[in-house]
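A.B. asks: One structure coming up, written as structure tokens, with questions to follow.
What follows is calculated from the coordinates using simple rules that are stated; it is not laboratory data. As the structure is a computational prediction, the values presented were derived from the model and not from experiment. Note that we place each Cβ from the backbone using ideal geometry, even for glycine, and neighbour counts take in every protein chain shown.
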Amino acid sequence: MVSVRVVFGDSRDMHELPNSSVHLVVTSPPYYNAPFDFPGLFRGYDEYLDLLRGVGRELFRVLRPGRVAVFVTMDVRIDGRLYPIVADLIKTMIGVGFEYQERIIWRKPEATLGLAEGVVC
Ligand SMILES: C[S@@+](CC[C@H](N)C(=O)[O-])C[C@H]1O[C@@H](n2cnc3c(N)ncnc32)[C@H](O)[C@@H]1O
């Protein structure tokens, strides 16, 4: 029988999970302050990248060596400015120890953006 435990918390601190105990991560972080997602959630883009870095450190800690983390994300344009979330997420994850493995384009005809990207690290 499979048992499932749901933890409500902040992914920057997953103390419930021991080191190297997770076999696969699939996550969809906020799209910065995208109007369709969480407008005004972050005070600035650097604060957003700090969140990604904090989550990435914890993901790297809990993942078993050789396993992958998949990030569903996309660049977003806010008030005319295009934020390079995909590139910055890859760079941030490499900075916390991941290796960049793959980039997958996911066509989502019903979705707000139409496309999303899966970044595998
Ligand atoms: C783009 S949405 C993804 C939603 C999810 N895929 C779903 O279908 O419900 C981003 C999610 O990240 C969550 N989030 C934001 N900061 C977080 C954090 N520090 N720890 C855990 N989750 C966080 C938000 O609450 C939101 O549900």
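A.B. asks: Would the stretch 22-120 count as rounded, prolate or oblate if I go by the C-alpha gyration tensor, calling it rounded below 1.5 in a/c and otherwise prolate when a/b exceeds b/c, oblate otherwise?
C.D. replies: Working: a/c = 2.11, a/b = 1.39, b/c = 1.51.
The shape class here is oblate.
A.B. asks: With unit charges on the beta carbons (Lys and Arg positive, Asp and Glu negative) and the dipole taken about the Cα centre of the chain, which residue among Pro84, Gly118, Gly66 sits farthest to the positive side?
C.D. replies: Ranked along the dipole, the leading option is Gly66.
A.B. asks: For the stretch 1-48, what is the largest minus smallest coordinate of the Cα atoms on each principal axis, given in angstrom and ordered from greatest to least?
C.D. replies: 42, 21, 18
A.B. asks: So between Glu99 and Arg5, what do we pick up on full extension, going 0.36 nm a residue minus the alpha carbon distance?
C.D. replies: Working: separation 94, 0.36 × 94 = 33.84 nm, distance 2.86 nm.
That pair, Glu99 and Arg5, stretches by 31.0 nm at full extension.
A.B. asks: Under the classification rounded if a/c is under 1.5, otherwise prolate if a/b is larger than b/c and oblate if not, where does the stretch 71-121 fall, given a ≥ b ≥ c as square roots of the Cα gyration tensor eigenvalues?
C.D. replies: oblate
A.B. asks: Let me ask something else. DSSP loop trypsin sites (Lys or Arg not before Pro) in the stretch 1-63 with at most 15 other Cβ atoms within 10 Å of their Cβ, which ones? Provide the component values of the computation, followed by the final result.
C.D. replies: Numbers: sites: Arg5, Arg12, Arg43, Arg53, Arg57, Arg61; in loops: Arg5, Arg12, Arg43.
Here the trypsin sites (Lys or Arg not before Pro) that fit, given the DSSP loop and packing criteria, are Arg5, Arg12, Arg43.
A.B. asks: How large is the dipole of the chain about the Cα centre if only Lys and Arg carry +1 and Asp and Glu carry -1, each at its Cβ, rounded to the nearest 20 debye?
C.D. replies: Numbers: 14 positive and 15 negative charges, 55 e Å.
That gives the chain a dipole magnitude of about 260 debye.
A.B. asks: Here's something else I'd like to know. Work out the length of the dipole vector of the stretch 59-121 about its Cα centre, built from +1 on the beta-carbon of each Lys and Arg and -1 on the beta-carbon of each Asp and Glu, and round it to the nearest 20 debye. Could you put the intermediate results ahead of the total?
C.D. replies: On the way: 9 positive and 7 negative charges, 36 e Å.
The dipole of the stretch 59-121 has a size of about 180 debye.
A.B. asks: When the chain is modelled as a GNM with alpha-carbon springs shorter than 10 Å, which of Gly40, Gly97, Gly80 fluctuates the most?
C.D. replies: Gly80
A.B. asks: Using alpha carbons only, how many degrees (0 to 90, rounded to 10) separate the axis of helix 45-62 from the longest principal axis of the chain?
C.D. replies: 20 degrees
A.B. asks: Of Val26, Val70, Val62, which has the largest mean-square fluctuation in a 10 Å C-alpha GNM of the chain?
C.D. replies: Val26
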